[in-house]
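What follows is calculated from the coordinates using simple rules that are stated; it is not laboratory data. All values reported here derive from a predicted model rather than from experimental measurement. As a convention, Cβ positions derive from the backbone with ideal geometry for all residues, glycine included, and neighbour counts pool all protein chains shown.
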Amino acid sequence: MKTSEIKKLSQSQLKKELLSYKKEQFNLRFQKINSQVKNTSRQKTVRKTIAKILTFLNKKEREK
């Protein structure tokens, strides 16, 4: 997910996206353990996207 897309989302939408990316990260960890990962670079992009979402969530909470 691009930064420009994240900026447009509301706080509730950001929380939903965060939850879905955390679930994906959880599933990728189990796939890695079982040697079923098809795209190994996906873990890195998911981790970075989670960080971006958390950054914008914190920024929006401070603006209140």
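Overview of results
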read-out	value
Inter-residue pairs, beta-carbon under 8 Å, first surrounded by 15 or more Cβ atoms within 10 Å (Cβ to Cβ) and in the stretch 13-27, second of a type in the set (Phe, Trp, Tyr), 6+ apart	Leu14/Phe56
Every pair of residues 6+ apart whose Cβ atoms lie under 6 Å, when the first sits in the stretch 32-53 and is more than 20 Å from Ile6 (Cβ to Cβ) while the second is surrounded by 10 or more Cβ atoms within 10 Å (Cβ to Cβ)	Val37/Gln31
Test: residue in the stretch 55-64 that is surrounded by 15 or more Cβ atoms within 10 Å (Cβ to Cβ) and in a helix (DSSP H, G or I)	yes
Failed criterion for Leu28 (all others in (1) of a type outside the set (Lys, Arg); (2) in a helix (DSSP H, G or I); (3) touching a Leu at 6+ places or on another chain (Cβ under 8 Å) hold)	(3)
Residue list for the stretch 3-25, filter: among the aliphatic types (A, V, I, L, M) and either part of a helix (DSSP H, G or I) or farther than 27 Å from Lys59 by Cβ (or both)	Ile6, Leu14, Leu18, Leu19
